[in-house]
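> Pasting a structure below so you can have a look.
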Amino acid sequence: MKKKLLSFLIFLFLQGGVIFARATTITVRFRSPITATSFEEMVIRIGNWVFTLAIGITPIMVLVGAYMLVTGGGDPRKIALGKKILLFTLIGFCLVMITRGIIELVKIILGI
């Protein structure tokens with residue numbers, strides 16, 4: 001008897017949820033995450049995003065590399081790692097700056 005009553009209560013609870021779900025409809029709209037209206041604008045936005053990211057990460061990586069150099073304590077592996085971090089950070093930042101310059105040069109040439 002208790003099992004039937006429990007089953008009946010669960011059934012009513014589930015039915016109430018179904019009725020409630022049918023009574024409240026939610027409209028879902030998907031928006032495109034790409035709000036650019038042209039290819040040029042999309043390239044410019046991606047370039048700006050990468051440039052901003054590089055501006056934020058470069059000082060952090062310089063500090064990490066300097067920390068590895070200072071706290072190396074004569075360990076050649078830590079000193080080499082610190083030098084590599086600084087070198088690759090400098091190379092990466094230069095590549096981002098050169099890319100930004102090339103994009104601006106192409107925009108000037110094409111008259112965009």
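The values are calculated or read from the model by the stated rules, or taken from the named source; none is laboratory data. Here the structure is a predicted model, which means the values were calculated and not measured. Neighbour counts are summed over all protein chains in view; Cβ atoms, including those assigned to glycine, are modelled from backbone coordinates with ideal geometry. The accessibility values were calculated without ligands, DNA or RNA, using every heavy atom of the protein model including side chains. Shrake-Rupley method; radii C 1.70, N 1.55, O 1.52, S 1.80 Å.
> If I model a spin label at residue 10 and residue 78 as a point 7 Å from the Cα along the Cα→Cβ vector, what separation in nanometres do I get?
The answer from the label model is 6.1 nm.
> Take the Cβ-Cβ distance between residue 97 and residue 70 as r, set R0 to 30 Å, and report the resulting FRET efficiency rounded to the nearest 0.05.
With a Förster radius of 30 Å, E is 0.65.
> Could you calculate the contour length gain from residue 46 to residue 60, that is, 0.36 nm times the residue separation minus the distance between their Cα atoms, to one decimal place in nm?
Contour length minus Cα-Cα distance gives 2.9 nm.
> How would you rank 42-49, 82-89, highest first, on the average number of other Cβ atoms within 10 Å across their residues?
Output ranking for 42-49, 82-89: 82-89, 42-49.
> Leaving out ligands, DNA and RNA, what percent of the accessible area of the range 21-112 is carbon and sulfur, probe 1.4 Å?
The nonpolar share, carbon plus sulfur, comes to 72 percent.
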